[in-house]
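Throughout, read-outs are computed from the coordinates displayed, never taken from laboratory work. Quick caveat, the model's predicted, so the values are computed rather than measured. Note that each Cβ is placed from the backbone with ideal geometry, even for glycine, and that neighbours are counted across all protein chains shown.
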Amino acid sequence: MPSNKIRTILIDDSAFMRKVISDIINADDAIELVGVARDGQQGFQMTLELNPDVVITDIVMPDFDGLFVVNAVMEKKPVPIILLSSLAKNDSRIFDALEYGAFEFIDKPVDLSTSRILDHRLLDLIKQASRTDVSLLKAKQQAKKRNSLTHTFADTLQYKIIVIGASTGGPSAVEYVINNLPRNLKIPVVIVQHMPHRFLETFSQRLNDQGTLPVKLAEKGETLKDGVIYVAPGEANLEIEHIAGSPTFTLTERKYREFNNPSIDCLFESVAQAYGRYAIGVILTGMGKDGVIGLTRIKEKGGFTVAQDEVSSVVYGMPKAAYESGAVRQVVSLKQIPGYIVSCL
């Protein structure tokens, strides 16, 4: 009798970590671990033979590492891949793997108490990955398309800031959006991407190196400048306040229900207060409901709100929650979002 369980393969060169991750997976009756491999080559062969629904792999392994797994699997046997990471903050391999088609990455677990195993984030990622359209993962290379053209803007723009929130599947989506904004953009853009704090600086530097607009990590006390793209840091939640008449970044320890450090709701709520009807809020692919409250506030203040559509979302979680709450004025596919935003200005 066929099983309805999510079939998974685990690849890790550490015997200890294989035991840890196996215990986490086996604690959930909805997931079945059908194979365990010690390196990328063995894991790739298992993937071809066992037809798993999801592959979980360490990113750093000798000889055949996580990048090998992602490239080989996505070419020969496309299946959602979750990366286990212990990389340092300045190591960009995690973003290469995401670009090649990996579903998401997660830090290797450190809190292994029995009471926490069942609600470990890895289990949620496995379940979401199993429902993801693999063709969207294979299409991540579309993020490499760039717009180096200028745009003719009116003397007076209708909006003064664009804020973007993203989570799972977000790095490639964010990259696509900002790489296809005109290089003479007249207003600032602020991005909140759910990601471990230590990777956000590397993420912002990667966006800066690959795009035509300047990208940097937002800093406490920094005044926003037109035409600059800012990425929210992760040591606290980012806000924007008017200080001495100028929009300025501040950090808060205030906690939000859906997600923290960085919280989309936190930034969006502050933008609604600081900019009112002059703000555009955009929710991209991601798990959960972060951004619903903040996007609602922007809409209530008269700002314009946009959500990525289901077909182009790697995970239609946050955009769906925002749409169903009534916070969204326009649903747009990823490929159309850059042009649509510019048309609103």
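The ranking of F16, F249 from fewest to most other beta carbons within 10 Å of each one's beta carbon is F16, F249. Going by Cα centres, the stretch 263-291 and the stretch 177-256 are how many Å apart? For the stretch 263-291 versus the stretch 177-256, the Cα centre distance is 13 Å. The order of T152, T212, T223, T285, going from fewest to most other C-beta atoms within 10 Å of their C-beta, is T152, T223, T212, T285.
Note on the stretch 217-277: percent of Cα-Cα distances in each 5 Å bin, starting at 0 and stopping at the bin with the largest distance, equals 4, 20, 30, 28, 14, 4, 0.
For the stretch 117-269, rounded, prolate or oblate, judged on the Cα gyration tensor with a ≥ b ≥ c (square roots of eigenvalues), a/c < 1.5 rounded, else prolate if a/b > b/c? Oblate, because a/c is 1.5 or more while a/b does not exceed b/c.
Cβ crowding within 10 Å ranks D29, D58 as D29, D58, fewest other Cβ atoms first. Taking every alpha-carbon pair under 8 Å whose residues sit at least 6 apart, the stretch 147-344 reaches a relative contact order of 21 percent.
Roughly how tilted is helix 40-50, in degrees to the nearest 10 and between 0 and 90, from the longest Cα axis of the chain? On a 0 to 90 degree scale, this one is about 80.
With viscosity 1.567 mPa s and temperature 4 °C, the Kirkwood radius over alpha carbon pairs of the stretch 6-132 converts through Stokes-Einstein to a diffusion coefficient of 91 µm²/s.
Helix 264-275 and the long axis of the chain differ in direction by around 0°, with both axes built from C-alpha atoms.
The stretch between K5 and E310 holds 107.3 nm of extra length on full extension. This uses 0.36 nm per residue minus the Cα-Cα distance. Based on the Cβ-Cβ distance from Q42 to D133, what FRET efficiency comes out when R0 is 22 Å, to the nearest 0.05? Here the calculated transfer efficiency is 0.20. The angle between the Cα long axis of helix 197-210 and the main principal axis of the chain comes to about 70°, on a 0 to 90 degree scale. For the stretch 284-345, the Kirkwood radius over C-alpha pairs fed into Stokes-Einstein at 10 °C and 1.306 mPa s yields D = 138 µm² per second. Ordered from longest to shortest, the equivalent ellipsoid semi-axes for the chain are 36, 20, 19 Å, each the square root of 5 times a Cα gyration tensor eigenvalue.
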